[in-house]
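Just so it is clear, none of the values below were taken in a lab; they were calculated from the coordinates. A quick note: this is a predicted structure, and the numbers were derived from the prediction, not measured. A quick note on method: Cβ atoms are made from the backbone with ideal geometry, for glycine too, and the neighbour counts reach across all protein chains shown.
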Amino acid sequence: MSAIETIALILVIVSAIKIVFLLVKPGAWFSTVGKLWMKPGVATVVALVLGGLVLKYLLIELTIVQIFAVMAFFAPLMWLTMSPYRKNLYDMATRELSSGGILKKNWFGVVIWILLVIWVLKELYA
C-alpha cells in the first residue's frame, strides 16, 4: 500500500468511527475530542505533528502544488460542514477582529500559511 493509500485508509477509518459516534452517541465523541481542544498547547502540538507527518508522506508521491489543489477541493467541503454554524462563527470572528485578538491567537497558523503559499508560488513559477 502506498503512502497516499495508507493516509486515505487512516482518514476513512477515523471518519467512520466519528460518524458512528455522532449517529449513536454524539456526546461521547465530543467529550473525547473536546478534552483535546480545551488544551490549546496540546492541540497545537498534535496538529503540527500530524500535519507534518502527513505532509512528509504526501510529498513522497505528490508535489506541494498538487496538495494545494486537493485543498481547494476540501475547502468547500469544510465550508459546507461549518455553514450550519455560520452565525456563531461570524459572531466569534467579529468579536475577535474588533478586539484585535485574531492575529494574536492565530499568528502561528498565519505564518505557516504564508510559508506554504510562498512554496507553492515558487513551484509554480520556478
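Sort out for me the Cα centre separation of region 74-126 from region 1-59, rounded to whole Å. If we compute the Cα centre of each part, the gap is 19 Å.
Applying a threshold of 29 Å to the alpha-carbon distances of 87/122; 18/87; 25/56; 39/104 flags 87/122; 25/56 as lying beyond it. Suppose R0 equals 30 Å; then what is the FRET efficiency for residue 35 and residue 68 from their Cβ-Cβ distance, rounded to the nearest 0.05? FRET efficiency, residue 35 to residue 68: 0.40. Using DSSP to define loop residues, name the GluC sites (Glu not before Pro) in region 40-126 whose beta-carbon has at most 14 other beta-carbon atoms within 10 Å. Sparse-neighbourhood loop GluC sites (Glu not before Pro): none present. Here the spin labels are modelled as points 7 Å beyond Cα on the Cα-Cβ line, and at residue 75 and residue 54 they lie 1.6 nm apart. Each Lys and Arg adds +1 at its Cβ and each Asp and Glu adds -1 at its Cβ; summed about the Cα centre, the chain shows a dipole of about 520 debye.
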